[in-house]
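The values are calculated or read from the model by the stated rules, or taken from the named source; none is laboratory data. Keep in mind that this is a model prediction, so the values were computed, not measured. Using ideal geometry, Cβ is built from the backbone for each residue, glycine included, and neighbour counts are taken over all protein chains shown. Side chains included, ligands, DNA and RNA excluded: accessible areas come from the protein's heavy atoms. Shrake-Rupley method; radii C 1.70, N 1.55, O 1.52, S 1.80 Å.
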Amino acid sequence: MDPATSSAPINGDCETESHSLWSWWPSWRPTSMSLLKTVETKILACKQPSLSQALFTMKATSATQFPKTPLVMVHGFGGGVGLWIRNLDTLSRSRPVYAFDLLGFGRSSRPPFPSDASKAEQQFVNSIEQWRQSVGLENMILLGHSLGGYLATSYAIQYPSRVLHLILVDPWGFPEQPKTQPDDNPGQGAELVKRPSPPRWVKIIASVVSLFNPLAVIRAAGPWGPGLVNRFRPDFKRKFEDLFDDDTMTQYIYHCNAQTPSGEVGFRAMSASLGWAKLPMLQRVHQLPPSMPLTMLYGQRSWVDSSSGYRVVQIRNQTHTRVLLINDASHHVYADQPEEFNRVVESICNSVN
């Protein structure tokens, strides 16, 4: 069933960005919100659940569902709801599953963000709470990947009564940046096991993030932008090759990130460099209620350091906190090993109700 669509964005009342600076770019960049919508609709058409979209939100349900706590999934930097396409069928078998485009990403509103790290983070968190109120959820199982994991943790600290279980998947922004950092392994702290060096696309973005918005190169490339994404992110095509035999997924990534920069401006404000947060979450994770269950999932082959997860266990005195490694998975755990990821997440959800 094709998803119904709505033009109402998340935080539509905040959509006050100025387009004057970028008014000439659409003729140079082969992208638009309409093209993004077209590619996203093609992706979502692959799946079986009943899907509906409002506020650029995707809700997956099953006809045999019993009332259970909804699972809410928050994507990472540069992503969108379409990336969860391997997970919706399984995870929505027994409970509603919601996924939305973060403020400033995908098809959500693209307002300006402040340059202050704390204020930028708060703008993201406020938008999540406004989204919850608009959808009418009393509480949820909250899952966040990468940047989404960082923001999900911040949200859970501020609105603990709304989160029955927090699931963090390869979360960004937890460790503190060390005073010295090996040149060949940025974004890594003390490791329990040897981790792969960050992929080339991470290093390239890291090299320009201090001077430009992280994805400026995609927009600056104009008509060569889609080819650039294909060159530096061929992994996205491989991860979904059994669903699409063309460039659908890399086109989706391109159109998500070639629009007017917004969420990435907020991310840049929050980042000391791509691998580090100005306000590391390890300094605040103790503010989560001890009674709130927390599960942290890491890809065994991910460049994100899983030792932060074990540090969280220590900080919380092992109370309701688990760290799990998914074998043969890199940073995008949900797409690399979708069956195991779905099994683990479904088990966690069933432990709630």
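Table for the structure above
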quantity: Residues that are in contact (Cβ under 8 Å) with a residue 12 or more places away in the chain and at positive phi, drawn from segment 102-155; calculated: Gly104, Gly106, Ser146
quantity: Restricting segment 198-231 to residues that are surrounded by 14 or more Cβ atoms within 10 Å (Cβ to Cβ) and among the polar types (S, T, N, Q), the residue that is modelled with the lowest pLDDT; calculated: Asn213
quantity: The one condition in (1) modelled with pLDDT of 95 or more; (2) open to solvent by 40 Å² or more (accessible area, probe 1.4 Å); (3) over 18 Å from the mean Cα position of the chain (by Cα) that Gln337 fails to fulfil; calculated: (3)
quantity: Among (1) under 16 Å from the mean Cα position of the chain (by Cα); (2) in a loop (DSSP other than H, G, I, E, B) - the single one Leu297 does not satisfy; calculated: (2)
quantity: Qualifying positions in segment 236-263 - open to solvent by less than 30 Å² (accessible area, probe 1.4 Å), in a helix (DSSP H, G or I) and under 27 Å from Arg110 (Cα atoms); calculated: Phe236, Thr248, Met249, Thr250, Tyr252, Ile253, Tyr254, His255, Cys256, Asn257, Gly263
quantity: Matching residues in segment 274-294 - criterion: being assigned to a loop (DSSP other than H, G, I, E, B) and open to solvent by less than 80 Å² (accessible area, probe 1.4 Å); calculated: Leu274, Gly275, Leu279, Pro280, Arg284, Leu288, Pro289, Met292, Pro293
quantity: Any chance Ala329 is open to solvent by less than 10 Å² (accessible area, probe 1.4 Å) and in a loop (DSSP other than H, G, I, E, B); calculated: yes
quantity: Matching residues, segment 303-348, being in contact with a His (Cβ under 7 Å, 6 or more places away or on another chain) and either among the β-branched types (Val, Ile, Thr) or without any contact (Cβ under 8 Å) to a residue 24 or more places away in the chain (or both); calculated: Val304, Ile315, Ile348
quantity: Selection status of Ser262, in contact with a Gly (Cβ under 7 Å, 6 or more places away or on another chain) and closer than 25 Å to Ile218 by Cα; calculated: yes
